Number of protein chains: 2
Amino acid sequence: MNLDQYFQMYLPEIELELKNAVYGFVPDQFSEFRKMLTYHMGWEGEGAGSKAQGKRLRPILVLLSCEACGGDWRSALPAAAAVELLHNFSLIHDDVEDQSDTRRGRLTVWAKWGEAHAINAGDLLFSVANAEMISLSKLCGSKMAVSAMELFQETCIHLTAGQYLDMSYEKTNSITMADYWPMIEGKTAALISCCAQLGAISAGASESVRQKLGEFAKFLGLAFQVQDDWLGIWGDPTVTGKSAASDLITGKKTIPVLYGLQHSSEFQKRWDEGPITEEEAGSVAQVLKEAGADQFTMFESNRLTDISMQALRQTELNNDAFRAIEELALMLVGRKS
Amino acid sequence: MNLDQYFQMYLPEIELELKNAVYGFVPDQFSEFRKMLTYHMGWEGEGAGSKAQGKRLRPILVLLSCEACGGDWRSALPAAAAVELLHNFSLIHDDVEDQSDTRRGRLTVWAKWGEAHAINAGDLLFSVANAEMISLSKLCGSKMAVSAMELFQETCIHLTAGQYLDMSYEKTNSITMADYWPMIEGKTAALISCCAQLGAISAGASESVRQKLGEFAKFLGLAFQVQDDWLGIWGDPTVTGKSAASDLITGKKTIPVLYGLQHSSEFQKRWDEGPITEEEAGSVAQVLKEAGADQFTMFESNRLTDISMQALRQTELNNDAFRAIEELALMLVGRKS
């Protein structure tokens, strides 16, 4: 089987498990409240459908990781659903915190129901994620479920810490590269690492395989974020779906920007003068490129991908699911093979 | 031992367990972020101290319930700390949702750090509560911890549903008594019931004792809330610390108000005309009293207390901790014995 075939096999089962969790844990008497979740998950309301649901990449990684470790992927379904629910809970709250009113082409929960309801709906979805995680005990036993839950909560703490750093960095100009890594580790890499490890735990894999898979996915998450930072400045607008150099316009402190602030007095001067307009964005991106930010960012993404793939190979796993993980990883960081 | 002595024995241990959870699960590298929690918990910052910490009644009930069931109260400490952390997480978010800028005489988290940080800090505290709950497995074993966590998450779902109803009711005028009960069951009674049941689970009590203790605490929570509704209108301002008939001024749809809307056309007319001022509050409270809302509310509180105490007696427990629970319950609903 290849990655495509795994997607086709897993996706309907993931969606079913997600629906069973939301409809099962939130009783019908609260159906009006539950609508905020079924809307956000892309199942109901205006614009519902597969486009509104996201790619479900995180649960796919959980299931592949379980199968790569020789486990039955069905036993990892509660963990797979739980990470997707957790991810979506954090999106609902992030959207309030960042005041973003659209996501995947639709109004965000707070834009539709107000901030107070969105905060509370996020809390509900977090609770559903936890309840779903606990249900892992029915398939894998209590002991395994407890160790999966320990990892899950640790990940939640890292997610909030990453968001804390991200919000704090907006307010200060003295951020350096050293500050950048713990932020994206919390915001992006921790949950991806959690996915790979949950698959391993559900399969009853050894501690060393779990560690290596976790390391692989952590560095994959970092590489993916760095690559995303590159795309946010030099990506093709027809591919990214955003305006050219959009991250420069929004003023995000991404890795090329931090590099530019450290290595280009021309860029630093322009950055300190305030918001960059859409008209200027192209020329500022060019300044950054000439300072080496473009090359440095690609270099970092490649370096992190190499570390990631090395950890993956060290698991010494070898089956179709393992090769599908490799394929998924390289796809995520934009490498062909 | 009596209730006072239990308080003296338990309180320092609860505080220690709470601190170990917050400082233990949130690493030092995030100490700036952690400050939002240690401030909210009343340990740090302006106005820190026992007054800012609240009464810790919920964890006390967990420990008493464990001991009443013949368990070692120390084994229930993680569950006791978890419910208090959960309660405090919900307060941080409620304060944002209700836009309340003071709590226990201090600025709320959002008033101090802004809404975005407060939402995120609440999420962190929820994660810490969950992590603390999982640590119950070290003292009580994985199986018991899983069943405690199932109850805990179900309670979280009820808490958010209660808050959903409360916020929804603010926007509509067609609320009746039938709508009132599920709201306070979620907002107040579910967590108190969870406390008593967690004590029973930690002690390894039988299912029937757990159920009875849960029923006792659920009805105690309802009785307490109804009594609180009474105090919000007819309570002595020198005792409640609020202005006279404060709930009438804020326009809360409490049980005396819902009774008045159903039974007094005079009250209904006044209510429909818009906000009640501080000057009018006394006379409107008198209108409600004459309509029988005062007597009805007291009657309901007493009725619920009786159901609660009957369930407690049906546990057929009989030791010092059991009698302390009785004492605590009657104290909460303002009865001497």
Original post:
Regarding the stretch A:209-337, what are the three Cα extents along the principal axes, ordered largest first, in Å?
Top reply: 53, 30, 20
**OP:** Please work out the Cα convex hull volume for the stretch B:36-191 and give it in Å³ per residue.
**Re:** 124
**OP:** Within 10 Å of each Cβ in peptide A:25-31, how many partner chain Cβ atoms are there on average? Round it to a whole number, please.
**Re:** 3
**OP:** Going by C-beta contacts inside 10 Å, put A:L151, B:L77 in order with the fewest on the left.
**Re:** A:L151, B:L77
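Could you grab the relative contact order for the stretch A:165-240? Cα pairs under 8 Å, six or more apart, rounded to a whole percent. Please list the in-between numbers first.
On the way: 47 pairs, mean separation 23.0, N = 76.
Value for the stretch A:165-240: 30 percent.
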Original post:
How far apart, in nm, are the 7 Å Cα→Cβ label points at A:Y23 and A:Q99?
Top reply: 3.9
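Could you tell me which of rounded, prolate or oblate describes chain B, using a ≥ b ≥ c as the square roots of the eigenvalues of the alpha-carbon gyration tensor, with rounded for a/c under 1.5 and, failing that, prolate when a/b is larger than b/c and oblate otherwise? Walk me through the numbers on the way to the answer.
On the way: a/c = 1.96, a/b = 1.32, b/c = 1.49.
Oblate shape, in that a/c is at least 1.5 and b/c is the bigger or equal ratio.
How crowded by other chains is B:164-176, given as the mean number of beta carbons from other chains within 10 Å of each beta carbon? Spell out each step's value before the answer.
On the way: counts 11, 4, 1, 6, 3, 0, 1, 1, 0, 0, 0, 0, 0.
So the per-residue partner count for this stretch is 2.
Please arrange B:S283, A:S174, A:S301 by counting, for each residue, the other beta carbons lying within 10 Å of its beta carbon, fewest first. Could the numbers behind the result be given before it?
Working: B:S283 12, A:S174 7, A:S301 23.
Fewest-to-most ranking of B:S283, A:S174, A:S301: A:S174, B:S283, A:S301.
Shape of the stretch B:117-211 from its Cα gyration tensor (a ≥ b ≥ c, root eigenvalues): rounded if a/c is under 1.5, otherwise prolate when a/b > b/c, or oblate? Walk me through the numbers on the way to the answer.
On the way: a/c = 4.17, a/b = 1.55, b/c = 2.69.
The shape class here is oblate.
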**OP:** Enumerate the lysines that A:K35 could reach by cross-link, defined here as Cα to Cα under 26 Å, with residues fewer than 8 away along the same chain left out.
**Re:** A:K19, A:K51, A:K55, A:K112, B:K171, B:K187, B:K252, B:K253
**OP:** Could you line up B:H263, B:H40 from fewest to most neighbouring Cβ atoms inside 10 Å?
**Re:** B:H263, B:H40
Original post:
What dipole magnitude, in Debye to the nearest 20, does the stretch A:1-205 give about its Cα centre under +1 on Lys/Arg Cβ and -1 on Asp/Glu Cβ?
Top reply: 340
Original post:
Rounded to the nearest 0.05, what FRET efficiency do B:E280 and A:N319 have when you use their Cβ-Cβ distance and R0 = 60 Å?
Top reply: 0.20
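Express in nm, to one decimal, how much length is gained between B:L139 and B:S206 on full extension, taking 0.36 nm for each residue of separation and deducting their alpha carbon distance. Present the calculation step by step, with values, prior to reporting the outcome.
Numbers: separation 67, 0.36 × 67 = 24.12 nm, distance 1.84 nm.
Length gained, B:L139 through B:S206: 22.3 nm.
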Original post:
Taking a spot 7 Å from the Cα of A:R303 along the direction of its beta carbon, which residues of the stretch A:234-255 have an amide N less than 15 Å from it?
Top reply: A:255
Subject >> the protein assembly as shown: C-alpha gyration tensor shape, a/c 1.5 cut-off, then a/b vs b/c >> reply: prolate
**OP:** Starting from the Cα of A:N173, step 7 Å toward the Cβ, then list every residue of the stretch A:253-273 with an amide N under 17 Å from that point.
**Re:** A:253-254, A:257-273
Subject >> Gaussian network model of chain B, springs between alpha carbon atoms under 10 Å - residue of B:I201, B:I192, B:I175 with greatest fluctuation >> reply: B:I175
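Values quoted throughout were computed directly from the atomic coordinates according to the rules given, and no laboratory measurement underlies them. What you see is a predicted model, and the numbers here were worked out from it, not measured in a lab. Note: ideal-geometry Cβ built from the backbone for every residue, glycine included; neighbour counts use all protein chains shown.
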